[in-house]
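Rule-based calculations on the coordinates, nothing more; no lab input. Note that the coordinates shown come from a computational prediction; the quantities given were computed from them, not determined experimentally. Cβ sites come from the backbone with ideal geometry, for glycine too, and all protein chains shown count toward neighbours.
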Amino acid sequence: MAAAPSSLGTQIREELSCSICLELFTWPKVLPCQHTFCQDCLQDLAGRGGTFQCPICRRQVTLPPQGVTGLPDNLMAANMCERFQQQTTLSVETREQQLKSANRCSFHPSEMLRQFCKQCQIPICEQCFEEAHDNHLTTTVKKAAQERSSTVQALINDGRNIMESYLSFLRSLKEEEKTLNEKKQQRDNSIIQAYNQMVQKLTQRKDHLLVESEENHTKNLDSIQTERDRLLADINELSAACDRAEQQLQQGGVEFLSQQTALTEVVGKYRGKAAPTPVQTQPAVFQPTDTPVPVLGHVTVQSLPSAPIPAAPAARGTGHHHGNQRQQKHQPQKVTFGGRGSETGQFPFGITLSDEGEIFMADVWNQSIQVFTLQGQFVRQFPTVVSGEEKMYPLDVALAGEGNLWVVGYTDSTNFAVQYNKQGRAQRKFDLQKTGWMRGVAVDTRRNHILITQATGDENNRRGEVLVFRPDGTLVRTVGQQQGMKFPRYITVDGEGNILVSDIDNHGVYVYNDEGQFLFQFGGKGSGEGQLKDPRGICTDGAGNIIVADKGNSRVEMFDKTGKFLKHITIGMKGPWAVAMARQGQLVVTDCVECNVSIFQNF
């Protein structure tokens, strides 16, 4: 239904009115938040200060050096206000004058337009009729107007309906603006809350470390003080004996002879006594954990959902895997979940998949293993307990043939490999050398061997190797010492039992057979095809192709079983980290920057 002219004018006036003074804009100025107000109103609001809040969205505004006058002018609003005022002021007068002038003939100003020529479709006067229209059919102006009124009214209605739709759109823009302001405020509050939670955790950890440092320092000082007190007692005894003997020596006499006997006894006592040995103190050393610097989060724009893409044929996944995402010429269908925080699906480091399609994820900062379906639905979680109430930070997780999990991680005291069942009950564990570097784990299910990566030495002289253990912690063999591995990170075992290891420092992948004999290596630092930079997660598919998370190049690569480059599975990722291939053919990827997990249905 069309709006009445007065209603339409009222709505237009509302759109052109300042929300402070409720009058039409006067010298309208635009704030950084895009809200417009009168210059004088803003001047009163700001006062003498340089900052104030927008009356609509409450956003903080900092004035330029020129003050309110330095803010941008809203020229469009100013022009529209001027035209609206002119139209309002002149509307009555103009319409009366137009009516008067419209009733007179433009060719014969002294004559009134009383007839309408149907042939020429124009109003005419008596003189026009006699001069040019005497043979034309005519009617009165009033009757002609009546005949055309329905057509004109329809046009008027159409015009007002169009204007009403525009005004409705303007109202929707205002509502959208209000919604955006509310969402921004909620988003800002979430960012501040995440920051405060992270600061709280870091503060608690700092306080705990300072207490440990103080306890160690006090223990060492107590050892020194105990030794000091013992030595001072001995010194006092020797000093007293020497002083007495020296005094009697100077005086002479019989007493000197008795002092000689006493001095001989005291000196003899300490002559046969062992010399003091250095106090064995054990000052602690602070070793920062080799984990990524926490990222507070990311402000992302969610894209609109696209049409589903048919899933690729299923492939058989083998071994243990790690890595990231991908995109090629087509956009693969995917499910993404997680993000930084203490909720489920956050801080993923390592992942492994069961034949039933469950994703087991090592959540390092929250010290837990979380379990999801291949649709991204949370199933359960359990804490990575070492013994009693002591928890470890899990770095990687692998699935054993009997359905158990092997998890490698660290506590403040040392590194561990712990076996859990799928419900999170710890079954056995063995200690690992505390190296300060990250580890990966895989399981050779055919031999029931646990393979764990290890890096030792400092950054300038780092040495890497793969340790092969039995489940009871017995070391079977060491692999990779002769090939110059420096920082082996993730590891997997393919369908033939071959061992594949990603090396961060050498920017490549090492391949060994099931006996630990070197076969070949591929990669090399670079961004070209077949090159890698800071490779992380690694897994194989049913055909034996090797999938590597190329973190430094922000992509996931696929190679054949000989190490020949095949394709980029996905590019443009922020932090590809761990990859795993499901039995059903899905590729699961973690992202260390976004701290989330993506499940690709086809690639």
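What is the packing order of peptides 548-561, 167-180, taking the mean over residues of other C-beta atoms within 10 Å and listing the highest first?
Details: 548-561: 23.3, 167-180: 12.1.
Going by the mean number of other Cβ atoms within 10 Å, highest first, we get 548-561, 167-180.
Just to be sure I understand, if you calculate semi-axes √(5λ) of the Cα gyration tensor in Å for this structure, which of [x] 85, 42, 18; [y] 45, 28, 21; [z] 41, 33, 20 do you get?
Given [x] 85, 42, 18; [y] 45, 28, 21; [z] 41, 33, 20, the calculated one carries the label [x].
Provide, for q = 0.17, 0.18 Å⁻¹, the log10 of I(q)/I(0) from a solvent-free Debye sum over equal Cα point scatterers in segment 537-603.
The Cα Debye sum returns log10 ratios of -0.52, -0.59.
By how many degrees, between 0 and 90 and to the nearest 10, does the Cα long axis of helix 75-102 differ from the longest principal axis of the chain?
Its long axis makes an angle of about 10 degrees.
Taking only C-alpha pairs under 8 Å that are 6+ residues apart, what is the relative contact order of segment 507-603 in percent?
Relative contact order comes out at 17 percent.
May I ask for the distance between the Cα centers of segment 195-235 and segment 110-162, given as a whole number of Å?
105
Rounded if a/c is under 1.5, else prolate if a/b beats b/c, else oblate: with a ≥ b ≥ c from the C-alpha gyration tensor eigenvalues square-rooted, which is segment 334-600?
Values: a/c = 1.40, a/b = 1.10, b/c = 1.28.
Rounded shape, in that the Cα axes give a/c under 1.5.
In square nanometres, what is the average projected area of the Cα convex hull of segment 420-527? Mind showing how you got there, number by number?
On the way: hull surface 31.7 nm².
Projected over every direction and averaged, the Cα hull of segment 420-527 covers 7.9 nm².
Take GLU212, GLU164 and order them by how many other Cβ atoms sit within 10 Å, fewest up front. It would help to have the intermediate numbers written out before the result.
Working: GLU212 13, GLU164 16.
Exposure proxy ranking, most exposed first: GLU212, GLU164.
For TYR195 and LEU210 in one chain, what is 0.36 nm times their gap in residues minus the Cα-Cα distance, to one decimal in nm? List each step's numbers first, then the result.
Numbers: separation 15, 0.36 × 15 = 5.40 nm, distance 2.22 nm.
Stretched out fully, the TYR195 to LEU210 stretch lengthens by 3.2 nm.
Sum -39500 (n - 2.57) across every DSSP H segment of at least 4 residues in the chain, then divide by the residue count to get the 222 nm mean residue ellipticity, nearest 500. It would help to have the intermediate numbers written out before the result.
Values: 6 runs with 183 residues, N = 603.
It comes out at -11000 deg cm²/dmol, rounded to the nearest 500.
Hey, can you rank 450-460, 562-572, 197-207 by average C-beta count inside 10 Å, highest first? Spell out each step's value before the answer.
Details: 450-460: 17.6, 562-572: 16.0, 197-207: 11.6.
So the order, starting with the most tightly packed, is 450-460, 562-572, 197-207.
When only Cα pairs under 8 Å and 6 or more residues apart are kept, what is the percent relative contact order across segment 334-600? Mind dumping the intermediate values first?
Numbers: 758 pairs, mean separation 37.0, N = 267.
Relative contact order comes out at 14 percent.
Using packing as a proxy for protection, rank 535-544, 279-288 so that the peptide with the highest average count of other Cβ atoms within 10 Å comes first.
Values: 535-544: 23.3, 279-288: 9.4.
Those peptides, ordered most packed to least, come out 535-544, 279-288.
Label-point separation (nm) for LEU180 and VAL152, each offset 7 Å from Cα along Cα-to-Cβ?
Calculated label separation equals 4.3 nm.
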